[in-house]
Amino acid sequence: MAKLCLCCTILLLLFTSVSAHSDFFTSIGHMTDLLLVERDLVSSLKDYIRAEEDKLQRIKRWADRLDVLATAGSQDPEGFLGHPVNAFKLIKRLNTEWVELEGLVLTDVSDAFVSNLTIQRQHFPNDDDQTGAAKALMRLQDTYELDTETISSGRLPGSSSVAATSSVLTVEDCYDLGKVAYSDVDYYHTELWMAQALKQLEQGEESSSVDAIAILDYLSYSVYQQGELERALDFTKKLLELDPSHQRANGNLKYFEYQLSKQKKLEVVGNEEQRMRKKNLGRSDDYLPERKQYEKLCRGEGIQMTPRRHSRLFCRYYDNGRHPRFVIGPLKQEDEWDSPHIVRYHDIVSDRDMEKVKELAKPRLRRATVHDPQTGTLTTAHYRVSKSAWLGAYEHPVVDKINRKIEDITGLDVSTAEDLQVANYGVGGQYEPHFDFGRKDEPDAFEELGTGNRIATWLLYMSDVQAGGATVFTDIGAAVQPKKGSAVFWFNLYPSGEGDYRTRHAACPVLLGNKWVSNKWMHERGQEFRRRCGLRWND
């Protein structure tokens, strides 16, 4: 048993000292590999357990046999050893058999498992990845207005009842989420998740590592930081009922009582206003002026398309001016929005080709970057959480085939376009509102390319998404839902070359599912005779 405990200790040390690639949570494409790794480790762990159990059974058989002999001999030691066979066998046992038993006890059957774990641990997520995944859950909580009970129970919108039963958060999980928020000085979410942990504990859920005292300690401080002295005092009193000697709680009790005694009456704030004020305490300094509109659109609310305007949107068969490729097999084109004109093309790329693109991109997926307007360089940003890879047309016939199809459909020259970008959004993956084109205050945004500004965007959805993950246009109030095999297209610039600020858009957080997209950004150079310049400011 001591050996088994030692192996468990080694296992715990390995899990707490791993070195991992960062940002695993941004890509389900990578996390599927982690799931397979974990499955392999579980199988290896079971093999180790079986070997340990077999070893213990063999030792037990030794013990049972020796116990019988020792018991028989202890009743009349002299008479027992007076028999020469018994004397011989005792000497033999002590000289050879106990040595064999010692060797069996010292046999280490954990080598194979520990070796496998050591090899695989280099691919494990690290603390930053776990923190990122926790923040992603809280991002989903805010964007889709989910309560902690819904998330903890696994009953997310769009999830099946079978999936929900296996996707629950324990008391420890809720507590850890609260601690992540606390470390981020986000007392709003600290309170929510500590309260959920306490609720589950009070409902009878058992926990070996978290108790009500620790939870109440966080709760009292987080509500105090949000200006709720009375609730902070109540939580502190509950804590002291469980642990009257708690030093910090005793100090807080006196302080909170003193603060309440001198607190003046404050103007009553409406419940909704107070809730929003508290919620904003959990926002980082990059708070978006349009966040409210952005999140409403992500939830399917606030879409600004009137029935009359909607009646002017059509579906049609499209051949791009009798293009040779589409005369016999025209494309299915659908108007998604009238102004700016956003169109969707259905069944553009086959499942086989999309799977090939994912296969090519997956080994290269890295945390997606954005242009820093101050430095002009590419950098990671907290408002863009995904992994992406770039594929050139020369790398595989499928990539070249997709590029040629984009050119045939849009009529734009793709020889000056950027490579095909493939992106995979994982847990809470998103890209907050942004422009694809370079604005006037970013004159050097694409200078290194030498192909001018981004004139248009082509966005291909390579997976369906169970919930969330829409592409929303915050200025015009439009929302486009992912549909596998379809692509949406819009112009970022007016014919005059000026940026169309109505195209500001965002990728909503993925609530449930796995979102794969690929996009192509066409640039101004090469389009002079394909989309002629003009003075028009409308489309």
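Shown here for segment 306-339: chymotrypsin sites (Phe, Trp or Tyr not before Pro) in loop regions (DSSP other than H, G, I, E, B) with at most 14 other Cβ atoms within 10 Å, namely PHE314. When only alpha carbons are used to place a centre, segment 62-78 and segment 315-339 end up 92 Å from one another. Looking at segment 296-333, the trypsin sites (Lys or Arg not before Pro) that sit in a DSSP loop and have at most 11 other Cβ atoms within 10 Å of their own Cβ are ARG312, ARG322. Our note on the geometry: Cα centres of segment 97-157 and segment 424-447, 34 Å apart.
Just list whichever of LYS199/LYS262; LYS135/LYS520; LYS332/LYS440; LYS296/LYS362; LYS135/LYS387 have alpha carbons separated by over 26 Å in the model shown. Beyond 26 Å: LYS199/LYS262; LYS135/LYS520; LYS332/LYS440; LYS296/LYS362. When the accessible area of segment 428-521 is split by element with a 1.4 Å probe, what percent falls to carbon and sulfur? In segment 428-521, the share of accessible area belonging to carbon and sulfur is 47 percent.
Under a 1.4 angstrom probe, counting protein chains only, how are CYS315, CYS174 ranked by accessible area, largest first? Intermediate results must be reported in sequence, preceding the final value.
Details: CYS315 100, CYS174 0 Å².
Largest to smallest exposure gives the sequence CYS315, CYS174.
What separates the Cα centres of segment 186-242 and segment 477-539 is a distance of 47 Å. Remark: segment 505-511, residue by residue, has Karplus-estimated 3J(HN,Hα) of 9, 8, 9, 5, x, 6, 7 Hz, where x stands for each Gly or Pro and the curve is 6.51 cos²θ - 1.76 cosθ + 1.60 at θ = phi - 60°. To the nearest 10, the accessible area of SER261 is 90 Å² with a 1.4 Å probe. In order along segment 40-54, the Karplus-derived 3J(HN,Hα) couplings, from 6.51 cos²θ - 1.76 cosθ + 1.60 at θ = phi - 60°, round to 5, 5, 4, 4, 5, 5, 5, 4, 5, 4, 4, 5, 5, 5, 4 Hz, and Gly and Pro are given as x.
Measuring with a 1.4 Å probe in the full set of protein chains, what accessible area per residue, in whole Å², belongs to segment 443-498? On a per-residue basis, 31 Å².
Computed over protein heavy atoms with a 1.4 Å probe, the accessible surface of segment 27-100 works out to 71 Å² per residue.
Bridgeable lysines around LYS60 (alpha carbons under 23 Å apart, same-chain partners fewer than 8 residues away excluded): LYS3, LYS46, LYS89, LYS92.
Restrict the search to segment 443-539; then list the trypsin sites (Lys or Arg not before Pro) that DSSP places in a loop and that have at most 11 other Cβ atoms within 10 Å of their Cβ.
Those that pass, being in a loop and sparsely packed, are ARG532, ARG536.
Note that segment 307-353 presents 67 Å² accessible area per residue, ligands and nucleic acids not counted, probe 1.4 Å. Rolling a 1.4 Å probe over the protein chains gives ASP400 an accessible area of about 60 Å². For a distance above 19 Å, tell me the whole-number percent of Cα pairs in segment 393-539 that qualify. That tail contains 54 percent of the Cα-Cα pairs.
The values are calculated or read from the model by the stated rules, or taken from the named source; none is laboratory data. Treat the numbers as computed from the prediction; the structure is a model and nothing was measured. With ideal geometry, Cβ positions are generated from the backbone for all residues, glycine too; neighbour counts draw on all protein chains shown. Keep in mind that these areas ignore ligands, DNA and RNA; they rest on the heavy atoms of the full protein, side chains included. Shrake-Rupley method; radii C 1.70, N 1.55, O 1.52, S 1.80 Å.
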